[in-house]
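The values are calculated or read from the model by the stated rules, or taken from the named source; none is laboratory data. On a predicted model such as this, the values are computed, not experimentally measured, just so you know. Here the Cβ is made from the backbone with ideal geometry for all residues, glycine too, and neighbour counts use every protein chain on show.
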Amino acid sequence: MSQVTGDSPNLLSPGTKHSPSPFRTAVLSGLSTLLPPLVTVVILLWAWSTINDYLLKPVSSTARRAVAWMIKDIRTEQQVPEPGASRVTIDNREYCRVEDHTYIPREVWEYVRARQRPEPLPETGLGYYHRYVDLRYLRPWVVVPTFLVGFVLFLYLLGKLFTARIGSFLYSYFERIVLRLPLIRNVYGAAKQVSDFFFGQRSVEFKRVVAVEYPRKGVWSIGFVTGEGFLDVQAAANEPVLSVLVPTSPAPMTGFTVLVRRSEVVDLNITVEQAIEYIISCGVVVPLHQKPQLLSPEEQKRFRKPASLEEAPSVASVGSSGPNPHPSKKTP
């Protein structure tokens with residue numbers, strides 16, 4: 001066979017690698033630096049938008065209506081001495097006429113107009129009072145901290161109530177009613193199981209990180225033990241089975257739920273947070289204590305493959321007509 005000379009290009013060398021482009025390396029490095037804080041900001045903004053739309057705005061709207069109802073002083077044309085006039089005086093207090101032919105105190109009318117926003121002025125007396133309450137009492141730098149403190153305090157009191165005997169009884173009674181309603185019971189049951197798994201006081205078994213051979217033998221996937229399996233599956237397997245959630249990369253909130261024999265589950269010495277980091281990074285971020293390079297030479301020997309599995313004839317040796325590189329083995 002002809003041999004490739006040193007001057008010829010090494011086209012058959014499988015180990016030849018082209019150096020990456022400096023531009024591509026810089027772009028990927030910048031992307032890896034920018035992506036984590038960007039994703040964090042997007043998730044925080046989404047969470048705040050959800051809280052603002054479904055909690056803060058309804059609470060602020062209810063508080064606005066309640067305060068406006070308590071302090072409002074709106075007079076109709078039948079209650080003023082000069083109907084139709086732009087301004088009237090009642091009991092030494094001056095009132096101004098608005099578009100719906102009602103009269104409100106002058107200080108409220110001027111306060112709203114002096115702090116006019118881009119949106120149009122209210123057209124009713126009650127609308128002026130709603131705007132007045134927003135501008136004077138429900139300012140954002142006052143409402144948001146007050147809401148957060150009140151919300152945390154509400155959660156604390158709610159948790160204390162439900163851990164008590166009477167609270168647990170009322171909650172169980174409420175659940176029995178909800179679970180009898182069609183369609184609602186399905187949504188409520190699924191949401192409760194998910195919330196109990198992430199926020200409830202569960203046993204250590206529900207916090208286990210395991211490795212299972214999925215989707216086939218020889219291919220290992222990381223999963224989270226979520227509970228015991230079905231009795232019918234345990235009877236068919238002749239041993240206990242576990243429900244394991246196998247998340248997908250790079251979005252661990254999606255995945256597959258599989259039933260695995262307890263004897264085929266390998267417990268991993270990593271935390272749930274470390275497992276999620278490994279999944280999101282597509283296997284790039286590995287816990288330090290799980291890296292073989294950091295082990296001592298004696299410990300590394302225990303994880304090395306046998307020599308018979310490591311040694312394999314290369315493509316060049318198989319295709320060449322030279323002597324057998326393993327004299328002890330016969331060439332078929």
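Worth pointing out:
- Selection status of residue 156, of a type in the set (Ser, Thr, Tyr), surrounded by 15 or more Cβ atoms within 10 Å (Cβ to Cβ), in a helix (DSSP H, G or I) and at pLDDT 85 or above: no
- Checking each residue in the stretch 264-276 for being surrounded by fewer than 16 Cβ atoms within 10 Å (Cβ to Cβ) and under 21 Å from the mean Cα position of the chain (by Cα) picks out 271, 272, 273.
- Those residues of the stretch 253-263 which are surrounded by 16 or more Cβ atoms within 10 Å (Cβ to Cβ) and farther than 15 Å from residue 227 by Cα, in sequence order: 255
- Some residue of the stretch 116-126 being surrounded by 16 or more Cβ atoms within 10 Å (Cβ to Cβ) and hydrophobic (A, V, I, L, M, F, W, C): yes
- One residue stands out in the stretch 167-182 among those that are modelled with pLDDT of 80 or more and of a type outside the set (A, V, I, L, M): the one that is surrounded by the most Cβ atoms within 10 Å (Cβ to Cβ), namely 175.
- Which listed residue is assigned to a helix (DSSP H, G or I), at pLDDT 65 or above and of a type outside the set (D, E, K, R), from 308, 263, 317, 243: 263
- Exactly one residue out of 115, 106, 93, 64 is in contact (Cβ under 8 Å) with a residue 12 or more places away in the chain, in contact with a Phe, Trp or Tyr (Cβ under 8 Å, 6 or more places away or on another chain) and farther than 30 Å from residue 251 by Cα, and it is 106.
- The condition of being closer than 30 Å to residue 143 by Cβ, in the same structural domain as residue 135 (by TED's automatic domain parsing) and of a type in the set (Lys, Arg) holds for only one of 117, 97, that being 117.
- The C-beta contact set for the stretch 130-149 (first residue within 14 Å of residue 111 (Cα to Cα), second residue of a type in the set (Lys, Arg) and modelled with pLDDT of 90 or more, distance under 6 angstrom, 6+ apart or interchain) comprises 130/64; 133/64.
- For the stretch 197-229, filtered to residues that are aliphatic (A, V, I, L, M) and modelled with pLDDT of 85 or more, the residue that is surrounded by the fewest Cβ atoms within 10 Å (Cβ to Cβ) is 219.
- Inter-residue pairs, beta-carbon under 6 Å, first without any contact (Cβ under 8 Å) to a residue 60 or more places away in the chain and in the stretch 218-241, second assigned to a loop (DSSP other than H, G, I, E, B), 6+ apart: 221/214; 225/208; 234/240; 241/229
- Pairing residues of the stretch 166-191 that are assigned to a loop (DSSP other than H, G, I, E, B) with residues that are surrounded by 11 or more Cβ atoms within 10 Å (Cβ to Cβ), at Cβ distances under 6 Å and at least 6 apart in sequence or on separate chains, gives 179/185.
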